Amino acid sequence: MQASGESPPRVQATGRSRIFPAHQRTDALTHFGQTVIQAVVFDFDGLIFDSETHEFATVCELFTEHGVELTLEVWSQCVGREAGFFDPYAHLEELTGRPLDRAALAGVRRRRFQERILAEGPIPGVEEALRTARSLGLRVGLASSSTRRWVQGQLERLGLLEYFDCIRTSDDVERAKPEPDLYLSVLECLGVPPQRAVALEDSPNGALAARRAGLYCVVVPNPVTARLEFGEHDLRLDSLLQAGLAEVLARVVASRGAAAPSPSSGEQQ
């Protein structure tokens, strides 16, 4: 992982990597002899590690204990965005009509969240997708609106850090998702143009960021975001177990006829 914009050294695929048939590798990476996909960029929360389900559940518990409800409609506004975008304690005070001990509530929330995630592993299918990306010779990046401390710490705990050539978090850009900055930054680091990269996202805000940056986008909702409405994307999966990464890339390329996606809303590359 690099803190600068330089491309980091390649991490060699381990012996655990699954080797796909030659025709699958060709279909996924080329179209009429042209190299199409050179990189895959993963989101983190809700895509690699399902922190979002546990985060929503712990906050909902606090609201329920105070006799009010935190709706998914309200919570969804902050999913995929930087920490601090939504203040649940201010919203709880608004609904209850009285001031609350925010520090105490935050402490309860943190404790319950840590208890929930302590034994959690990566979302099923994630490590297989990372291994496949390596076996296909793809550059592998990560773009997250969370902090570097959180993302890197969890990747180390999960044993997945070595798979990534470049990681970009909210610490590295001025604007997090749904703005395109994170994706543009990680692609610059990888040395890959956006029209040669596929983003894997679980939230509408993340998918919007990927499309604004000009990447292909595959959405893989988690239990929280599955009920949300997604905007423009190239493919939707119920989970990463639904199809292998080589097949997913082939389907994305075929769906566009190898035409490069265009940045949305006039975003500059």
*First in segment 37-57 and assigned by TED's automatic domain parsing to the domain that holds V224 and under 15 Å from S76 (Cβ atoms), second anywhere and assigned to a helix (DSSP H, G or I) and of a type in the set (A, V, I, L, M, F, W, C), Cβ under 9 Å, 6 or more apart*: D45/W150; D45/V151
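Conditions tested, residue by residue: (1) in contact (Cβ under 8 Å) with a residue 24 or more places away in the chain; (2) assigned by TED's automatic domain parsing to the domain that holds A207; (3) of a type in the set (A, V, I, L, M).
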| residue | (1), (2), (3) |
| --- | --- |
| L72 | yes, no, yes |
| P88 | yes, no, no |
| V108 | yes, no, yes |
| G137 | yes, yes, no |
| Q152 | yes, yes, no |
| D165 | yes, yes, no |
*asked:* With the structure loaded, tell me whether R236 is at pLDDT 95 or above and over 27 Å from P124 (Cβ atoms) or whether it fails that test.
replied: no
_Among (1) surrounded by 19 or more Cβ atoms within 10 Å (Cβ to Cβ); (2) at pLDDT 95 or above - the single one L161 does not satisfy_ = (1)
*Out of all the residues in segment 176-204, which are among the basic types (K, R) and within 16 Å of the chain's Cα centre (by Cα)?*
K177
*Considering segment 97-142 alone, what residues qualify as being surrounded by 13 or more Cβ atoms within 10 Å (Cβ to Cβ) and not in a helix (DSSP H, G or I)?*
L100, E120, G121, P122, I123, G125, L136, L138, R139, V140, G141, L142
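The values are calculated or read from the model by the stated rules, or taken from the named source; none is laboratory data. Bear in mind that the values here come from a model prediction, so they are computed numbers and not experimental data. All Cβ positions, even for glycine, are placed from backbone atoms using ideal geometry, and neighbour counts span all protein chains on display.
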